[in-house]
Amino acid sequence: MRKPRRRLARTLAGLAMWCSFELPGLASAQSWPVVQPLHASFRVEETAASAVEALVRDVDGDALYRFSCRDAPGRGSRDGTDRGVLDCTLQDARRSDPHDLLVEAREVEDAEAFRRDRVSASELLGDCASYPEYGRLRHFRLRGMALTLSFEDVRIGARDADGAPTLAAYTLELSVDADPSAKPSNFIWVSTQPGVASAGEGVDEYVGRWVPATPGTYRYAFRISGDDGATWTYCDTNGSPFAASDAGVMTINQ
């Protein structure tokens, strides 16, 4: 399969390029149960021994999803004892499947680096704390609901064996509200790398690669950011603005 390619004029500094592929058969509408509003505050003083847990219910009071946020010991630490990382998860309470619904980037290359459901102490400090969607405030939109995590009154503990900060205490503000427009994306985002600029002065080429699991017809597009992913410009085969009718088409027969 040839690598999809797209040439863009160099207009932004610090480019971040991603290629998107739309999965066939996922465009049909799906109706999710309407959730009850949930607004709760949790104070955690001993991160190694405590966990935040809450049930998200439907309008009839039945449990739909199970939310939790707990210490993830040993994540990235040589001695396996650090308390600097939290794993926040949302699971279907009606199933035994442990799949975390908040792992939005699970099908993206280098997905671990883009997991917003995993929170490290260093992301809650200094300038990192205000970084959009990867700091103290994180928004998730899925399954007909908007879920917000806000970390407040963070207290940092001693550094771990690797010298990384740990969490001693924090307050987690959890908000869940119904949002009928919140639907899972039909697109898989794949990181791209600079290619060979061959279209003339001031033009760059970025190359992305994705191997589909099944044959079918796929659409693809690109997005570009000059501010480390805070905002994006979406492009089709004619440039920007993006129009689905002008997206690239890739057909895999076997």
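Points to keep in mind about this one:
- Cα-derived Rg over Rh, computed across the stretch 117-188 with Rh taken as Kirkwood radius: 1.08
- Charged neighbours of Arg136, selected by a Cβ distance under 11 Å, balance to -4 (K, R count +1; D, E count -1).
- Among residues other than Ser68 with Cβ under 14 Å from its Cβ, the summed charge is -3 (Lys and Arg +1, Asp and Glu -1).
- Exposure proxy order (Cβ contacts within 10 Å, fewest to most) of Cys235, Cys128, Cys69: Cys128, Cys235, Cys69
- Model label zone, Arg43; criterion: amide N under 20 Å from point 7 Å along Cα-to-beta-carbon; scope the stretch 128-151: 150-151
Values in this text are rule-based calculations from the coordinates and carry no lab data. This structure is a prediction, so every number in the text was calculated from the model and none was measured. Because the Cβ atoms are built from the backbone with ideal geometry, glycine has one as well, and the counts that use them run over all protein chains shown.
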